[in-house]
Amino acid sequence: MSPVRLEIVTAEKMVFSEEIDALVAPGVEGALGILPNHVPLMTLLDAGEMKIRKGHEEFYIAVSGGFLEVRPDKIIVLADSAERDDEIDLSRAEEARRRAVERIGSHATNVDIRRAEAALHRSMARIKVARRTRRGGETQL
Ligand code: ATP
């Protein structure tokens, strides 16, 4: 099967733009596998890991939600935020996770639980992706 172009963009920058052979994206209804020649599709993404295969190479990108559109000529991901595995600051993500867990567990009336949960999911996606290519980091998911 001939490869298809995948573009992952945020409001700030183009994070990824290459011809790829396969993609697994974190759709809101579960992981979504996409190969070249997939039927046109538009879906919402959750915070999670994008797994990309290009020949024998694999790329991992953490996204924090957004849209995915399969067009006849390319796949476009418009992400709220997106970082390649080597761009992720693992300690920052672990700190964000710790703060989110603390907020969720505090039962304080001024805590916006949905916001804290969204921050938790973003941080967990980053930690998962960062740990794919690195060792170290103290917290276990
Ligand atoms: P934090 O509380 O650490 O800021 P956050 O989940 O609130 O985390 P976002 O609002 O999702 O952060 O992202 C703000 C910007 O910072 C985005 O450009 C995002 O790509 C970047 N970013 C957030 N966390 C990390 C991280 N751990 N490593 C690298 N870039 C990050």
Please sort by residue number the GluC sites (Glu not before Pro) in the stretch 16-59 whose DSSP state is loop and whose Cβ has at most 14 other Cβ atoms within 10 Å.
Glu29
More than 11 angstrom apart: percent of Cα pairs within the stretch 8-55:
73
What value, in deg cm²/dmol to 500, does the helix sum -39500 (n - 2.57) over DSSP H runs of n ≥ 4 give at 222 nm once divided by the residues of the chain?
-9000 deg cm²/dmol
Please enumerate, by chain and number, the lysines with C-alpha under 20 Å from the C-alpha of Lys128, excluding those fewer than 8 residues away in the same chain.
Lys51
Just want the answer: with Cβ charges of +1 for Lys and Arg and -1 for Asp and Glu, which residue in Ala93, Ser64, Ala82 is farthest toward the dipole's positive end in the chain?
Ala93
When the chain is treated as a GNM, springs tying every alpha-carbon pair under 10 Å, which of Lys13, Lys54, Lys128 comes out with the largest mean-square fluctuation?
Lys13
What is the angle, in °, between the Cα long axis of helix 113-133 and the longest principal axis of the Cα atoms in the chain? Nearest 10 is fine, range 0 to 90.
60
Using 0.36 nm times the number of residues separating Arg115 and Val9, minus their current alpha carbon distance, what extension gain do you get?
35.9 nm
Cα-based helix-to-principal-axis angle, 90-106 vs the chain, degrees rounded to 10
50
How many angstrom lie between the C-alpha centres of the stretch 54-105 and the stretch 113-135?
8
Just the Cα atoms of the stretch 49-98: what Rg and Dmax do they give in Å?
13.1, 42
For a quick check: with amide H placed at 1.01 Å from N, whose amide H comes under 5 Å from Gly65's, ignoring anything fewer than 5 positions away on the same chain?
Ala47, Gly48, Asp80, Ser81
How large is ³J(HN,Hα), in whole Hz, for each residue of the stretch 69-82 in order, when computed from phi with the Karplus curve 6.51 cos²θ - 1.76 cosθ + 1.60 and θ = phi - 60°, using x for Gly and Pro?
10, 9, 9, x, 9, 6, 10, 10, 10, 9, 9, 5, 8, 8
Excluding residues fewer than 8 positions from Lys54 in its own chain, the aspartates and glutamates with Cα under 14 Å of it are Glu7, Glu18, Glu19, Asp21
Cα pair distances exceeding 18 angstrom across the stretch 19-123, given as percent
54
Around Thr10, which amide H atoms from residues at least 5 apart in sequence, or from another chain, sit under 5 Å from its own amide H, with H modelled in the peptide plane?
Val15, Ala79
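Coordinate-derived values only; no laboratory data. Worth saying up front: this structure is predicted, and the values here are computed from it rather than measured. A quick note on method: Cβ atoms are made from the backbone with ideal geometry, for glycine too, and the neighbour counts reach across all protein chains shown.
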